[in-house]
Amino acid sequence: MTQVVLGENEGIESALRRFKRQVSRAGILADVKSHRHFETPLEKRKRKAVAARRKKRRFR
């Protein structure tokens, strides 16, 4: 759960900016978009293969 606590003299615009940054870092919107429609088994395998390649490349 993403949560933003307002500071003493902080404006709503800066708090909203911080909230949006936290949501994007947590990957919440990407997760929602991925669950928006049915995924066939072939699409699921492809997505997992791409994720595995990314993860393998990241740890070199």
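The values are calculated or read from the model by the stated rules, or taken from the named source; none is laboratory data. This is a predicted model, so every value here is computed, not measured. Cβ atoms come from the backbone with ideal geometry, glycine included; neighbour counts cover every protein chain shown. In case anyone asks, the SASA skips ligands and DNA or RNA and just uses the protein heavy atoms, side chains included. Shrake-Rupley method; radii C 1.70, N 1.55, O 1.52, S 1.80 Å.
Each of (1) 58; (2) 96; (3) 112 is a candidate for volume of the Cα convex hull per residue in Å³; the one calculated from this structure is (3).
Shown for the chain: the carbon plus sulfur share of the solvent-accessible area, taken with all protein chains present and a 1.4 angstrom probe, equals 56%. Taken over the chain, lysine pairs spaced eight or more positions apart, or on distinct chains, with alpha carbons under 20 Å apart number 9.
Roughly what angle does helix 12-26 make with the longest principal axis of the chain, taking Cα atoms, 0 to 90 degrees, to the nearest 10? On a 0 to 90 degree scale, this one is about 20.
Mean residue ellipticity at 222 nm, helices only, the chain: -21500 deg cm²/dmol; runs of at least 4 DSSP H residues each add -39,500 (n - 2.57), and the sum is divided by the number of residues. Candidates Ala26, Ala49, Ala15 compared by Cα position along the dipole of the chain: farthest toward the positive end lies Ala49, with charges placed on Cβ.
Once the Cα-Cα distance is subtracted from the 0.36 nm per residue extended length, the Val4 to Phe59 segment shows a gain of 16.6 nm.
The 3J(HN,Hα) values that the Karplus relation (6.51, -1.76, 1.60; θ = phi - 60°) gives for the range 47-59 are, in residue order, 5, 5, 5, 5, 5, 5, 5, 4, 5, 5, 5, 5, 9 Hz. Gly and Pro appear as x. Couplings for the range 29-41, taken from phi via the Karplus curve 6.51 cos²θ - 1.76 cosθ + 1.60 with θ = phi - 60°, read 5, 5, 5, 5, 5, 6, 9, 6, 9, 5, 10, 5, x Hz in order; Gly and Pro are left as x. Taking the Cα centre of the chain as origin and assigning +1 to Lys and Arg Cβ atoms and -1 to Asp and Glu Cβ atoms, the resulting dipole is close to 920 debye.
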